[in-house]
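Below is one structure, written out as structure tokens, with a few remarks after it.
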Amino acid sequence: MEMRRKDRMLVEEETIDILNKSEYGILSTIGIDNAPYGVPMNFAYEDGVIYFHCAKAIGYKVSNIIHNSNVCFTVVNDVCLQPKTFSTKYNSAIVFGKISIVEDEQEKKKGLEALIKKLSPEFIESGMKYIDKSADQTYVLKMEVTEMTGKGRK
């Protein structure tokens, strides 16, 4: 489907910039009963994929991912309410793709390191120790991007 407000469409580099500057977004999955489920998650975009982490437990998110790997991830940043004009200024990225639980230990570590570098850059050394200590209790999810769009006011 095409974006209605083409005047606000961003190029891929600008969309990736939104992903790199944002701390979290909403991961939307589809349940066994076809019910949508959206959950806020921290993430890291690296090499054309998005990495997430979560506890090794089977809740709605993991159950849905096992059932249906199609997902959508939405990020919004630089939000500024404009009450006088009944509007909101913001930037957003919407990403579609396939998600899976990372099984390969090297890639799992790569995903966790990407999250540490993005979300805790001043604590790399202690972050790496934390990865070594807690990786066994953690799932790393990998979203392979098939399509992304960005929207904002220039």
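The values are calculated or read from the model by the stated rules, or taken from the named source; none is laboratory data. Because the structure is predicted, anything quoted here is derived from the model rather than measured. No Cβ is skipped: glycine too gets one built from the backbone with ideal geometry, and neighbour counts run over all protein chains shown. The protein model used for the area step is the full one, side chains on, heavy atoms only, and it has no ligands, DNA or RNA in it. Shrake-Rupley method; radii C 1.70, N 1.55, O 1.52, S 1.80 Å.
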Query raised in the report: For region 1-100, what D do you get in µm² per second when you plug the Kirkwood radius from alpha-carbon pairs into Stokes-Einstein at 25 °C and 0.890 mPa s?
Result: 163
Report task. Report in % the part of the accessible area of the chain that belongs to carbon and sulfur, leaving out ligands and nucleic acids; probe 1.4 Å. Result -> 53
Report task. Note down the magnitude of the dipole of region 16-154 about its Cα centre, charges +1 on Lys and Arg C-beta and -1 on Asp and Glu C-beta and zero elsewhere, to the nearest 20 debye. Result -> 620
Report summary line: Of the listed links Lys56/Lys98; Lys21/Lys61; Lys61/Lys84; Lys89/Lys109; Lys61/Lys133; Lys84/Lys118, those spanning more than 30 angstrom between alpha carbons are Lys61/Lys84; Lys89/Lys109; Lys84/Lys118
Query raised in the report: 222 nm [θ] for the chain, helices only, -39500 (n - 2.57) per DSSP H run of 4+, per residue, to 500?
Result: -8500 deg cm²/dmol
